1. Longest span of the chain, sites excluded, free of chymotrypsin sites (Phe, Trp or Tyr not before Pro) in DSSP loop with at most 14 other C-beta atoms within 10 Å?
2. Sort Arg336, Arg292, Arg38, Arg209 by accessible area with a 1.4 Å probe, largest first.
3. Counting DSSP beta bridges with both partners in the chain, what percentage is antiparallel, nearest 5?
4. Keeping every protein chain present and rolling a 1.4 Å probe, give me the accessible area per residue for region 105-175 in Å².
5. For Ala274, enumerate residues with amide H under 5 Å from its amide H, sequence gap 5+ or separate chain, H modeled in the peptide plane.
6. Convex hull volume of the Cα atoms in the chain, per residue, in Å³?
7. With a sphere of radius 10 Å drawn around the Cβ of Asp42, what net charge do the other residues whose Cβ falls strictly inside it have (Lys, Arg +1; Asp, Glu -1)?
8. Taking the alpha-carbon set of region 191-277, what are its Rg and Dmax in Å?
Amino acid sequence: MSDPASSEPFTYAAAGVDIDRGDALVRAIAPLVRRTARPGADAAIGGFGGVFDLKATGYRDPLLVAATDGVGTKLRVALEAGVHDTVGIDLVAMCVNDLVVQGAEPLMFLDYYATGRLDVEVATAVVAGIVEGCRQAGAALVGGETAEMPGHYGDGDYDLAGFAVGAVERDRLLPRADVASGDVVLGLASSGVHSNGYSLVRRIVEADRLGYGDPCPFQAETTLGRALLAPTRIYVKSLLKAFAATDGIKALAHITGGGLVDNIPRVLPAALAARIDLDVIAPPPVFGWLARDGRIAEAEMVRTFNCGVGMVVVCAPAAADAVFTTLEAAGETVMRLGTIVPRGDRAVVFDGRLSL
C-alpha cells in the first residue's frame, strides 16, 4: 500500500498516458488531413464525430456501403523494419477496395491507432500514409481515434484499424444478378503481396535467417523490408472510370486472404464457376521467391496469395474490350484471365501454371 506522505501525486502522464503528446499529434496531422477534403466533407478533425453531407455528392437514390479492416501481420514487418509511411496506404486500400467491388464510391474514412506509448513522429508517418491512401481513393479522412494504452501494447508497438463508408446508386449495386456462363473474366495486376499472407511470409523470412534491413533477394537496390512493404494497390479511381464509361461490369472480386480460390466464388451465383488461365498471369518476383524458398505448392500459392492479380473483373462479352481498354487507359495492367462456366465440383478451375 502506498504511503501518501512519501509518494508523489499520481498523474495520468506518470501512468503512461501523455495528453500533451496526443495534442501534438493532432496539430501535426491536421494539415495533412485537410488534403483529403472532397464534396461532402471538409476533412477537418478535432470534433467528436465526422460529418458528411451526402446530398452534396449528387446521388439520386443512394445505398450506403461500409467496410472495416486492418493490415494483418504486415504491420509486424513495418515495426521490425522501422518503416511506417506505407502501412497507412494499406489500411485504406483494404477497406476501399472492398467498397468498390460493390460498385460503391468511397466517401469517407476513419482510422483507429492504438499504441503503448505515443511516438508523435511514427504516428504522423502512419497518418501521412492514410492521407495518401484516402487521396488515391478520393475519400475524405473525417476523423479517427488515437489510443495510448500503456501495459497493453509492447514497447514501440502499435495497431491499426480502418473504417470506410461509400455510396452507390441502388440500380448500380454489384454483383449484378445477370452474371452468366460465357462472361469474360479480367484481372488487374497487383503491386505485390498486398496485405494478406504475411504470417507465412514472415515464417519464410525467419527460416532464411534474413533481416528486414538486408538486401532484398528478389528486388535489387532495396531492402527486404521495403520490398515486402510495397503498399496495396488501390483500384478505386480506375474502376469508377470504367463504371462511368461502360455498362459492362457485372461483378468484381478483391483478391485478399484466400487468394483466387476463395474470393472469386463470393461474387458468383451458386451454379457458376470461373475458369482461369494461370499462364496469362505474370506474378511479381516476390511470389517466385516465396514459392521457391518456402517450397510452397502452386495450389497453396493460389489459395494464400493474390499471385499477381489484386482484382478480378467479370464483364459481359460484348463489353469486355471496352472495359479492358478503359481500365488500361486508367493506368491498370489488365489481363484476360478466362471465362465464367457452369459449375462442376469446383468453383474455380485452373488451366496452365503460374510462372514462379
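1. Working: sites that count: Phe10, Tyr12, Phe48.
The segment 49-356 is the longest one with no such site.
2. From most exposed to least exposed: Arg209, Arg292, Arg336, Arg38.
3. On the way: 41 of 54 bridges.
Antiparallel bridges make up about 75 percent of those DSSP assigns within the chain.
4. On the way: 2810 Å² over 71 residues.
Using a 1.4 Å probe on heavy atoms only, each residue of region 105-175 averages 40 Å².
5. Val341, Val348, Val349
6. Working: hull volume 60.2 nm³, N = 356.
Each residue corresponds to 169 Å³ of Cα convex hull volume.
7. Numbers: positive: Arg34, Arg38; negative: Asp53.
For residues surrounding Asp42, the net value is +1.
8. 17.4, 51
The values are calculated or read from the model by the stated rules, or taken from the named source; none is laboratory data. Being a predicted model, the structure only gives us computed values, none of them experimental. All Cβ positions, glycine included, derive from the backbone under ideal geometry; neighbour counts span all protein chains shown. Note: accessible area is taken over every heavy atom of the protein model, side chains too, but ligands, DNA and RNA are not part of it. Shrake-Rupley method; radii C 1.70, N 1.55, O 1.52, S 1.80 Å.
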